[in-house]
Amino acid sequence: MPWHRHAAPQGALPRRTALGWMLGCGCALGTPWLARPAAAQGLPPDWPVPPRFTRPDVSTDEGGLWAMLDREETRLRRSPFRIREPALQSYLDGVTARLAGEHAADVRLYALFTPMFNASMAPNGMMQVWSGLLLRMENEAQLAAVIGHEIGHYLQRHTLERLRDMKARSAFGQFMGMFGLVGLMAQLATLASAFGFSRDQERQADEVGTLLMRRGGYDTREAAKVWANLVAEMQAAGDTSAASGGAMFATHPGASERSATLLTLAGGDSGGYVGEAEYAAQLAPIRGKLLEEEVRRNRPAESLTLLTRMLARQPQDAELLATRAELYRLRATGDDADKALADLQAATQTGKEPATAHRALGQLHQAQGRREAARTAFQTYLQRSPQAADAALIQQTIEDLKP
Ligand SMILES: [Zn+2]
């Protein structure tokens, strides 16, 4: 998946741009990928994980790259976007260790608040997992599929392979020359796109990831669902072109193919650990914030697909109902207002709705001319959340709504 990107540094990416997803394309990209009969045969069951790598000498090409990435990692460690939840961090580290074995000592996972679906692995063992991805995982096995894939890139030393490729093509000197001209973040963004993994490397990472999942006792069939779910989101948004997925996806197999490949790799596997309840419990402390981020992403077709999928599993979840209502309310096309109202009413019936659900109710009633109902809803909001940043504004609205 980085499933597509290496050293994608926080801040270097075009946030909330036309890229939208970085997800790319569900189409076949017109490549021979599907036709290749050897694809998805998988590694032999006894494939030996390579021994731990030693730090490359600084005078070598790889050593130079590592030194640069170490500096980037220092920035990442201090980044305000980092998700600083010790319990969640140790959980993520635990999943990594279960997959990486002795390499876990060399791999460092950084979870970041960035509402896009992405994970990445740098050759020095610096791994990033973004919050848009965390929100979309349905269970621990799916998370393990992502992390296993990234570890696959690491174990196969794919970045070094790409580096050597570039040198062989004499592009490397020119490439390194650019480093003097732009800031480090931009350099790394360039690096990431220049080092984009090949299709073969992506397939290899999927093979290693599947094998590590299997050895870790996970249900490998969950890996394909990650991509199937993404395809559903993209289709809802009418987003099936390679171009809309951005450069990140241009050289990678589309999500539909990934799903099919991973399903083949899972083969006849059955059983294994899924961990749906465990994953939900671990994510719970930050889920509210992730849902707020998701709404602010302003990609309602994708977000509504996601929320509807989540609600199918937890139909009584007041926070999810309120979030979906907010997406409908903000999109406001067709009968969205009615759908928002229905979700908010369902949320309030649980008695566990967030205070903001009442504000949203007030706004909906107000927009539809139900002044008394709007006033009541706004009053409930202020009773529940008297210190809200918009309390004065809402109070004024209540006054204005008086008959
Ligand atoms: Zn990858």
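The values are calculated or read from the model by the stated rules, or taken from the named source; none is laboratory data. Treat the numbers as computed from the prediction; the structure is a model and nothing was measured. Positions of Cβ are generated from backbone atoms using ideal geometry, with glycine treated the same way; all protein chains shown enter the neighbour counts.
Residues in the range 53-69 that are of a type in the set (D, E, K, R) and at pLDDT below 80 were compared, and the one that is surrounded by the fewest Cβ atoms within 10 Å (Cβ to Cβ) is Asp61. Once the range 196-225 is narrowed to residues that are buried (at least 22 other Cβ atoms within 10 Å of the Cβ) and under 16 Å from Pro50 (Cβ atoms), the residue that is nearest to the ligand (Cβ to nearest atom) is Ala205.
Among all residues of the range 289-311, there is none that is more than 24 Å from Phe113 (Cα to Cα), part of a helix (DSSP H, G or I) and not hydroxyl-bearing (Ser, Thr, Tyr). The C-beta contact set for the range 98-111 (first residue within 27 Å of Arg78 (Cβ to Cβ), second residue of a type in the set (Gly, Ala, Ser) and modelled with pLDDT under 95, distance under 6 angstrom, 6+ apart or interchain) comprises Asp106/Gly125; Val107/Gly125; Arg108/Gly125.
Total residues in the range 134-154 satisfying the condition of being farther than 17 Å from Tyr218 by Cβ and within 13 Å of the ligand (Cβ to nearest atom): the figure is 2.
Between Ala97, Ala122, Ala111, Ala67, the distinction of being over 24 Å from Leu283 (Cβ atoms) and under 24 Å from the mean Cα position of the chain (by Cα) belongs to Ala122 only.
For the range 93-115, give me each residue that is part of a helix (DSSP H, G or I), surrounded by fewer than 21 Cβ atoms within 10 Å (Cβ to Cβ) and of a type outside the set (Asp, Glu).
Gly94, Ala97, Arg98, Gly101, His103, Ala104, Ala105
Filtering Glu326, Glu257 for residues that are closer than 23 Å to Ala374 by Cβ and in a helix (DSSP H, G or I) leaves a single hit, Glu326.
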